[in-house]
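A quick write-up on the structure given underneath.
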There are 2 protein chains.
Amino acid sequence: MRISELSRRSGVSVTTIKYYLREGLLPPGRQTAATQAEYDDQHLHRLRLIRALTGVRGLSVSTVREVLDALAEHADDTHRLLGVALGSVRVGEKAGQDAPEAAEVAELVEELDWRVHAAAPARAVLAETLSSLRALGVPLDWRTLLPYARLAERTAVLDLDQLDGLDDPLETAERALLLTVLLEPALMALRRMAQENESARRHLP
Amino acid sequence: MRISELSRRSGVSVTTIKYYLREGLLPPGRQTAATQAEYDDQHLHRLRLIRALTGVRGLSVSTVREVLDALAEHADDTHRLLGVALGSVRVGEKAGQDAPEAAEVAELVEELDWRVHAAAPARAVLAETLSSLRALGVPLDWRTLLPYARLAERTAVLDLDQLDGLDDPLETAERALLLTVLLEPALMALRRMAQENESARRHLP
DNA sequence: AGTGTTGGATACCTCTACTGTCTAACACGG
DNA sequence: CCGTGTTAGACAGTAGAGGTATCCAACACT
């Protein structure tokens, strides 16, 4: 198919598709002539993927590029992918300086007996969160996070279960990415609703 | 204290503080003369709050304003606050059209027996997520989300527990906000680490 | 009186994510 | 083979967000 059909089928404007091509988010089509190129279903799929990551999850174009690159590079190693590709998506976006709370996070990981890379960006996110909340007068230490971590453990089991039974490593890698990244807003939405429900149970007749 | 001291103590530049004043994120100081105003610890606290919401969580300035306004307005009613203030923070940011998956979300809520407002933005987030994932070939229905929802339920209990024993309703409201919003990146970070650990357990020696 | 700091207003800047325009090369019906 | 429409690729332009810089007159401190 040509670019205009790709545009019609994906709902993304031709100019925006060209922009994604320029930015390297979308691989170029197969050139059939000097001013003509062919696109296929892979391009359509990739385009939907890009829109889901930028739209639903709100990732920036450059982050999407990093994630997609990591996906292509480490598709043969699902475990590495979960570390590398997903590590590149900073949960709180953009990096900050490392807080002195890093040691506390290490203590938490130790207590949980988790095998987590020492340089995992998620550690920094936790440290920053602890630091900010304390500066705002909320007394919170790693012990408070422990029960949350136990629930996260069980969430992760659910996540990994959904990758079982897939043969193609590339498909597995992509699904891992989708479940991790796109499910985040959904999980937070569930938490909000659960809070509302719990709050109603406690405070309402 | 004057603006320069506020700047020094908060680590936020004078020009940025002026910008927040202009944008209505920070209430004006007490005027002592035509070109002089006094700021106090409340301003310092508010400034830290703003930086935490924009920095750690990545909220936009306009969203922060909405949240802070809702906080001031409904501080006397913690339950409403959880609905109103937190509802204004779209989990996936910016609104999207409502997907046909809305009915499915309703089914999920029914099955869970949750008391959740029919217009809760979180519902739309769930519907959109289901819709996007399906378009990308991931078979996912509301039954898949059920176990996640059960874990969310328990997370919410932990959240609400931390608001117990606070007397001042305004303090309760603010803490509710902080725990809901600032803990989000932390919970997602825990999930990432738990996934890495679980993946290691399954795939590594 | 002199030096430096404020508040308030306004102009300007940088980055992101697109969008528009242009050109030359095609495709295709008649 | 002519005319109309589409396309690839290059590049300039735009709108919004989130600040930053500059200016000025009015203080404050010494």
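Read-outs: derived from the displayed coordinates by stated rules, not from any lab. For clarity, every value in this text was computed on a predicted model and none was experimentally measured. Heads up, the Cβs are rebuilt from the backbone with ideal geometry, glycines too, and the neighbour counts pull from every protein chain shown.
Quick check on this structure: which one of B:Ala124, B:Ala118 is among the hydrophobic types (A, V, I, L, M, F, W, C), more than 28 Å from A:Leu133 (Cα to Cα) and under 17 Å from the mean Cα position of the chain (by Cα)? Please lay out each step first, then the result.
Values: B:Ala118 fails: under 17 Å from the mean Cα position of the chain (by Cα).
After applying the criteria, what remains is B:Ala124.
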- Task: Would you mind finding the one in B:Leu130, B:Leu170, B:Leu158 that is more than 19 Å from the chain's Cα centre (by Cα), aliphatic (A, V, I, L, M) and either surrounded by fewer than 21 Cβ atoms within 10 Å (Cβ to Cβ) or more than 30 Å from A:Arg134 (Cα to Cα) (or both)?
- Result: B:Leu130
- Note on the structure: Of the residues in region A:172-189, those that are more than 8 Å from chain B (Cβ to nearest Cβ) and among the polar types (S, T, N, Q) number 1
- Filter region B:11-34 for residues that are touching an Asp or Glu at 6+ places or on another chain (Cβ under 9 Å) and either within 11 Å of DNA strand C (Cβ to nearest atom) or more than 23 Å from B:Ala72 (Cα to Cα) (or both) and give the result. B:Gly29, B:Arg30, B:Gln31, B:Thr32
- Task: All but one of (1) in contact (Cβ under 8 Å) with a residue 12 or more places away in the chain; (2) closer than 22 Å to B:Pro185 by Cβ hold for B:Gly55, so report the exception by its number.
- Result: (1)
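Select from region B:1-57 the residues that are of a type in the set (Phe, Trp, Tyr) and surrounded by 19 or more Cβ atoms within 10 Å (Cβ to Cβ) and write down the one among them that is farthest from DNA strand D (Cβ to nearest atom).
Restricting attention to region B:1-57, the residues satisfying the condition of being of a type in the set (Phe, Trp, Tyr) are B:19-20, B:39.
Within this subset, residues satisfying the condition of being surrounded by 19 or more Cβ atoms within 10 Å (Cβ to Cβ) are B:20, B:39.
On the way: B:Tyr20: 8, B:Tyr39: 14 Å.
Filtering region B:1-57 for residues that are of a type in the set (Phe, Trp, Tyr) and surrounded by 19 or more Cβ atoms within 10 Å (Cβ to Cβ), the one farthest from DNA strand D (Cβ to nearest atom) comes out as B:Tyr39.
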- Message: Checking the conditions here, which among B:Ala33, B:Ala70 is without any contact (Cβ under 8 Å) to a residue 24 or more places away in the chain and under 16 Å from the mean Cα position of the chain (by Cα)?
- Response: B:Ala70
- Six or more apart or on different chains, Cβ under 8 Å: which pairs go from a residue in region B:1-15 that's more than 14 Å from chain A (Cβ to nearest Cβ) and in a helix (DSSP H, G or I) to one that's within 12 Å of DNA strand D (Cβ to nearest atom) and basic (Lys, Arg)? Could you list them? B:Ile3/B:Lys18
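Could you check region B:131-156 and list, in sequence order, the residues that are of a type in the set (A, V, I, L, M) and farther than 19 Å from A:Ala173 by Cα?
Initially, region B:131-156 is screened for residues of a type in the set (A, V, I, L, M), giving B:133, B:135-136, B:138, B:140, B:145-146, B:149, B:151-152, B:156.
Of everything in region B:131-156, those that are of a type in the set (A, V, I, L, M) and farther than 19 Å from A:Ala173 by Cα turn out to be B:Leu145, B:Leu146, B:Ala149, B:Leu151, B:Ala152, B:Ala156.
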- Message: Among the residues of region A:118-171, what is the count of those that are acidic (Asp, Glu) and within 8 Å of chain B (Cβ to nearest Cβ)?
- Response: 3
